[in-house]
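A.B. asks: Would you mind keeping the following structure in view while I ask a few things?
The values are calculated or read from the model by the stated rules, or taken from the named source; none is laboratory data. All of these numbers come straight from a predicted model, not from anything done at the bench. We place every Cβ from the backbone using ideal geometry, glycine too, and count neighbours over all the protein chains shown. Side chains included, ligands, DNA and RNA excluded: accessible areas come from the protein's heavy atoms. Shrake-Rupley method; radii C 1.70, N 1.55, O 1.52, S 1.80 Å.
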Amino acid sequence: MAQVSMTVRMDAGLKASFEALCSQMGMSADKAMNSLAEFYVLTKMMPIEDTTANPRAYLRGLEAFYALRAEARKNELTGMTLEEINEEIRLAREERSQRDAKRQ
């Protein structure tokens with residue numbers, strides 16, 4: 001298959017971090033981008049939400065998830081049902097909304 005070039009604009013710091021991560025994983029940034037594009041095309045879906053509008057909010061969500069998971073392990077609740085997990089997520093989101101409302 002013929003190879004073509006594609007230009008992507010991104011923050012210089014993000015590019016450097018991405019290239020360093022790819023290197024740690026034993027691949028080039030080009031290979032990583034090609035793999036990602038191939039995955040999207042083959043599955044016709046994105047494996048993650050579009051977080052470009054607010055990546056910090058996404059990271060806060062991940063932090064909340066990891067905190068909940070750690071708390072579940074600490075309290076020996078690792079065998080939770082999907083409904084229980086969804087309720088924990090709902091409560092965490094509600095708590096975050098209340099906290100954000102107080103800041104405003």
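A.B. asks: For segment 95-104, state whether one or more residues are in a loop (DSSP other than H, G, I, E, B) and among the charged types (D, E, K, R). Lay out the reasoning, then the answer.
C.D. replies: At the first step, the residues of segment 95-104 found to be in a loop (DSSP other than H, G, I, E, B) are 104.
Of the ones still in play, those that are also among the charged types (D, E, K, R) are none.
The answer is no; no qualifying residue exists.
A.B. asks: Here's something else I'd like to know. Would you point out which residue out of R69, R9 is of a type in the set (K, R) and assigned to a helix (DSSP H, G or I)?
C.D. replies: Being of a type in the set (K, R) and assigned to a helix (DSSP H, G or I) holds for just one of R69, R9, which is R69.
A.B. asks: Among all residue pairs at least 6 apart or on different chains, which show Cβ distances below 7 Å where the first residue, located in segment 19-45, is farther than 18 Å from S5 by Cβ and free of Cβ contacts under 8 Å to residues at least 12 places away in the same chain and the second is part of a loop (DSSP other than H, G, I, E, B) and open to solvent by 100 Å² or more (accessible area, probe 1.4 Å)?
C.D. replies: Y40/M46
A.B. asks: Report the residue count in segment 94-104 for those that are loosely packed, with under 10 Cβ neighbours inside 10 Å and in contact with a helix residue (DSSP H, G or I) (Cβ under 9 Å, 6 or more places away or on another chain).
C.D. replies: Of the residues in segment 94-104, 0 are loosely packed, with under 10 Cβ neighbours inside 10 Å and in contact with a helix residue (DSSP H, G or I) (Cβ under 9 Å, 6 or more places away or on another chain).
A.B. asks: For L91, indicate whether it is open to solvent by less than 90 Å² (accessible area, probe 1.4 Å), assigned to a helix (DSSP H, G or I), at pLDDT 85 or above and among the hydrophobic types (A, V, I, L, M, F, W, C).
C.D. replies: Answer is yes for this residue.
A.B. asks: Go through segment 1-51 and count every residue that is among the polar types (S, T, N, Q), farther than 28 Å from G61 by Cα and open to solvent by less than 80 Å² (accessible area, probe 1.4 Å).
C.D. replies: 1
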